[in-house]
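*Asks:* Handing you a structure now.
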Amino acid sequence: MLCQQLGLFGENLVAIDGSKFKAVNNRDRNFTSAKLKRRMEEVESSINRYLTALDAADRQEPTASEPSAVRLEEKITKLKTQMKELQAIEIQLNESPDKQVSLTDPDARSMMTRGTGIVGYNVQTAVDTQHHLIVAHEVTNYGSDRDQLSSMAKQARDAMASETLAVVADRGYFKSEEILACHDANITAYVPKPMTSSAKADGRFNKDAFVYDATKNEYICPAGESLPWRFSSIEKGMNMHCYWSSKCQGCALKRQCTPSKNRRVRRWEHEAVLEEMQHRLNHAPDMMRIRKRTVEHPFGTLKQWMGSTHFLTRKLVGVSAEMSLNVLAYNMKRVMNIIGTAGLLKAMAA
């Protein structure tokens, strides 16, 4: 509210991003199904190895083998206790909705970051592009960013008390339903589409090479043939329309297009929203550079302040409170740099 009164949110454009922060939970204290299975196999293998060694010790002279046999029995007992603990964790794992168990911080989750694993939380921020103030943030324990766009955008709009807002995010946030939710909320989104087309990877025509004609509800292929609408179906909860031509077999460009009998093009019922966003991106080539220089600085600063261990508290409620305090401190220091300490004190007194 103070930043609103000081006019520090002038551009109504925020960059949204997420970053992984470490929890108070060692990686060895976090279990997934694969990790638990591997650990149990290792323990079982060690038990069998010690049992074999114990049998060999029993066949030796009693006086020589007695100390060795005692040590082996102690190791076997310890491993069997460990196996019982792992079996108890297996029961918890099967009852967990996401098939993960963290023993130190039960809300922490194993996530991938920069090619390696981390047990922690995914912190989402919406950062003002003008002064790099964090206008909204949220701590989640979901490793993916794909479901976070509309939620963070709406939180940012409410925090800025703005009727309209533009948001920019990287490819990790691209999800058709989330972009539609932003569109319905009068929030303008800039999110590039991931390059996942197998056709383009194989050197064939991508879907972008097919031009949609809204008046006729058909696609025009690179050879100039029309692909009329054929049927609609529900795929992953989305209403998809399917188009294809019956002239593909005799087409001179078929080898560059499809190895199948016909090239089929699928279109989501709200595809126009995605096409409109792509059109905006094509006319705003600097948008991704604005995103990068906006969101990376706050995360880098926060992690430097928090140290190599990041969070000190446990569970989502405690971690969320800790992050809120860090964000408050970050924003206060930013405002001091912008208007000065005296200016901030005067504004707070007013």
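*Asks:* Taking the range 325-350 as the search range and keeping residues that are more than 29 Å from the chain's Cα centre (by Cα) and touching a residue at least 60 places away in the same chain (Cβ under 8 Å), which one is surrounded by the fewest Cβ atoms within 10 Å (Cβ to Cβ)?
*Replies:* Within the range 325-350, the subset more than 29 Å from the chain's Cα centre (by Cα) is 335-350.
Now restrict to residues that are touching a residue at least 60 places away in the same chain (Cβ under 8 Å): 335, 338-339, 347-348.
Numbers: Val335: 21, Ile338: 16, Ile339: 15, Ala347: 14, Met348: 10.
Looking at residues that are more than 29 Å from the chain's Cα centre (by Cα) and touching a residue at least 60 places away in the same chain (Cβ under 8 Å), I get Met348.
*Asks:* Right, another one. For the range 203-235, which residues satisfy the criterion of being under 29 Å from the mean Cα position of the chain (by Cα) and either within 17 Å of Lys261 (Cβ to Cβ) or of a type in the set (D, E, K, R) (or both)?
*Replies:* If the condition is that a residue be under 29 Å from the mean Cα position of the chain (by Cα) and either within 17 Å of Lys261 (Cβ to Cβ) or of a type in the set (D, E, K, R) (or both), then Lys207, Asp208, Glu235 are the ones that fit.
*Asks:* Right, next: From (1) at pLDDT 90 or above; (2) more than 30 Å from Trp305 (Cα to Cα), pick out the condition that doesn't hold for Asn25.
*Replies:* Unmet for Asn25, out of (1) at pLDDT 90 or above; (2) more than 30 Å from Trp305 (Cα to Cα): (2).
*Asks:* If Lys99 satisfies every condition in (1) surrounded by 20 or more Cβ atoms within 10 Å (Cβ to Cβ); (2) of a type outside the set (S, T, N, Q); (3) more than 27 Å from Lys193 (Cα to Cα) but one, which is the exception?
*Replies:* Of everything listed in (1) surrounded by 20 or more Cβ atoms within 10 Å (Cβ to Cβ); (2) of a type outside the set (S, T, N, Q); (3) more than 27 Å from Lys193 (Cα to Cα), Lys99 misses just condition (1).
*Asks:* When only residues in the range 82-91 that are closer than 17 Å to Asn26 by Cβ and of a type outside the set (D, E, K, R) count, which is surrounded by the most Cβ atoms within 10 Å (Cβ to Cβ)? Spell out how you get there, then give the answer.
*Replies:* Restricting attention to the range 82-91, the residues satisfying the condition of being closer than 17 Å to Asn26 by Cβ are 82, 85-86, 89.
So of that shortlist, the ones also of a type outside the set (D, E, K, R) come out as 82, 86, 89.
On the way: Gln82: 16, Leu86: 18, Ile89: 16.
Looking at residues that are closer than 17 Å to Asn26 by Cβ and of a type outside the set (D, E, K, R), I get Leu86.
*Asks:* Being closer than 30 Å to Ser110 by Cβ and without any contact (Cβ under 8 Å) to a residue 12 or more places away in the chain: is that true of Ala201 here? Before the answer, list the steps.
*Replies:* Numbers: closer than 30 Å to Ser110 by Cβ: yes; without any contact (Cβ under 8 Å) to a residue 12 or more places away in the chain: yes.
So Ala201 passes the test.
*Asks:* How about the range 279-322: which of its residues are touching a strand residue (DSSP E or B) at 6+ places or on another chain (Cβ under 7 Å), closer than 12 Å to Tyr190 by Cβ and part of a loop (DSSP other than H, G, I, E, B)?
*Replies:* Ala284
*Asks:* Scan the range 55-102 for residues that are at pLDDT below 80, in a helix (DSSP H, G or I) and more than 22 Å from Val43 (Cα to Cα) and report the count.
*Replies:* Here the count works out to 7.
*Asks:* State whether the residues of the range 151-163 include one that is part of a loop (DSSP other than H, G, I, E, B), aliphatic (A, V, I, L, M) and under 26 Å from Leu227 (Cα atoms).
*Replies:* Applying the first criterion (part of a loop (DSSP other than H, G, I, E, B)) to the range 151-163 yields 161-163.
Those still in the list that are aliphatic (A, V, I, L, M) too: 161.
Those left that are additionally under 26 Å from Leu227 (Cα atoms): none.
Looking through the range 151-163, none of the residues is part of a loop (DSSP other than H, G, I, E, B), aliphatic (A, V, I, L, M) and under 26 Å from Leu227 (Cα atoms).
*Asks:* Still on this structure, I have one more. For the range 264-275, check the following and say yes or no: at least one residue is loosely packed, with under 14 Cβ neighbours inside 10 Å and out of contact with any strand residue (DSSP E or B) (no Cβ under 9 Å at 6 or more places or on another chain).
*Replies:* For the range 264-275, residues loosely packed, with under 14 Cβ neighbours inside 10 Å and out of contact with any strand residue (DSSP E or B) (no Cβ under 9 Å at 6 or more places or on another chain): absent.
*Asks:* Every residue in the range 144-202 that is of a type in the set (Lys, Arg) and either crowded, with 17+ Cβ neighbours inside 10 Å or more than 16 Å from the chain's Cα centre (by Cα) (or both), please. Walk me through how you get there before you give the answer.
*Replies:* As a first pass, look at the range 144-202 and keep what is of a type in the set (Lys, Arg): 146, 154, 157, 171, 175, 193, 200.
If the condition is that a residue be of a type in the set (Lys, Arg) and either crowded, with 17+ Cβ neighbours inside 10 Å or more than 16 Å from the chain's Cα centre (by Cα) (or both), then Lys154, Arg157, Lys175, Lys200 are the ones that fit.
*Asks:* Oh, and also: Can you name every residue in the range 254-297 that is over 17 Å from Asn206 (Cβ atoms), under 27 Å from the mean Cα position of the chain (by Cα) and among the charged types (D, E, K, R)?
*Replies:* Correct list: Glu269, Glu276, Arg280, Asp286, Arg289, Arg291, Lys292, Arg293, Glu296.
The values are calculated or read from the model by the stated rules, or taken from the named source; none is laboratory data. Everything numeric in this text was worked out from a predicted model, so none of it was measured. Glycine also receives a Cβ, built like all others from the backbone with ideal geometry; neighbour counts cover every protein chain displayed.
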